[in-house]
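Take a look at the structure set out below.
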2 protein chains.
Amino acid sequence: MENPFTDEYFMKKALQEAEIAFEKGEIPVGAVIVIDNKIIARTHNLTELLNDVTAHAEMQAITSAANFIGGKYLKGCTLFVTLEPCQMCAGALYWSQISKIVFGARDEQRGFMSLGTQLHPKTEVKQGVLAEQASELMIKFFASRRK
Amino acid sequence: MENPFTDEYFMKKALQEAEIAFEKGEIPVGAVIVIDNKIIARTHNLTELLNDVTAHAEMQAITSAANFIGGKYLKGCTLFVTLEPCQMCAGALYWSQISKIVFGARDEQRGFMSLGTQLHPKTEVKQGVLAEQASELMIKFFASRRK
């Protein structure tokens, strides 16, 4: 039997979170954190609702996963996030020592890869998973705001 | 009459916060955010107590100040923090568009200046205010932990 727990499977869950953000009028970014194929955090961007620039999906996911684990390090965990993390989120992921980051669409302008934010040396990165769906949602969001 | 609201004045308040962190067994970093010579946020590192790598003094200060202001941008605000902000905190400060960052001691290894984290173009930076006091507190903390 095929393993149903593919990167696409978990990224779909992150995309569902991004859609919830979209419906709330938030920039549509969603995230989940997974350990042993189990989702331990599901979050979406809430910067507008909370009036707080730190309320990115990833930041909330890190706090939520650490709370679930009962420790602040996320060794053995994978973050799935629809958009490339920014400097702040990558900096938080550095401290968390998370094992793997899987993201969808690139953020050429404000993403950590372009800006050279340092991750923990043990953190693996994979990009481009369901990137098109994540991008489309972002484009749809910014188009709707220009109306 | 001399202006009592010098950078040293506010940094002393941040140092008081760092001392509270020290007493709680936290890495002793403290911060205050000031607008029009009024302190609107006072925070200290709580990563151990909250089991949360995102609970740096600066992150809490940003959230707290935004809450006070009722908006997420910290234009017109100055952050005073005893230690050079890390990538995460500098990344959050980027999003906040804060007007000024004043820090005490350098963090050569993990500070945003060494690691090249991008701030908002309108953010001014000043360093070295009461740096010795901030460093001494850090050294005392790590020495006490080695015992």
Problem - Cβ pairs under 9 Å, 6+ apart, first in the stretch B:60-73 and more than 7 Å from chain A (Cβ to nearest Cβ) and part of a loop (DSSP other than H, G, I, E, B), second at pLDDT 95 or above and surrounded by 20 or more Cβ atoms within 10 Å (Cβ to Cβ) - result: B:Tyr73/A:Val53; B:Tyr73/B:Ala66; B:Tyr73/B:Trp95; B:Tyr73/B:Ser96; B:Tyr73/B:Ile98
Practice task
Give me a count of the residues in the stretch B:102-132 that are open to solvent by 40 Å² or more (accessible area, probe 1.4 Å) and in contact (Cβ under 8 Å) with a residue 60 or more places away in the chain.
Solution key: 1
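Where residues in the stretch B:88-100 are part of a helix (DSSP H, G or I) and open to solvent by 10 Å² or more (accessible area, probe 1.4 Å), which of them is nearest to the other protein chains (Cβ to nearest Cβ)?
B:Trp95
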Exercise for the section: Specify which of the listed residues (A:Glu48, A:Glu26) is open to solvent by 20 Å² or more (accessible area, probe 1.4 Å) and assigned to a loop (DSSP other than H, G, I, E, B). Expected result: A:Glu48
Exercise for the section: Assess whether A:Ser135 counts as being open to solvent by 30 Å² or more (accessible area, probe 1.4 Å) and of a type in the set (Gly, Ala, Ser). Expected result: yes
Completion exercise
Condition set among the β-branched types (Val, Ile, Thr) and open to solvent by less than 10 Å² (accessible area, probe 1.4 Å), scope the stretch A:76-87, selection farthest from B:Gln60 (Cα to Cα): answer is A:Thr82
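The values are calculated or read from the model by the stated rules, or taken from the named source; none is laboratory data. The structure presented is a predicted model; accordingly, all values stated were derived computationally and were not measured. Note that each Cβ is placed from the backbone with ideal geometry, even for glycine, and that neighbours are counted across all protein chains shown. Accessible surface areas use protein heavy atoms only, side chains included; no ligands, DNA or RNA. Shrake-Rupley method; radii C 1.70, N 1.55, O 1.52, S 1.80 Å.
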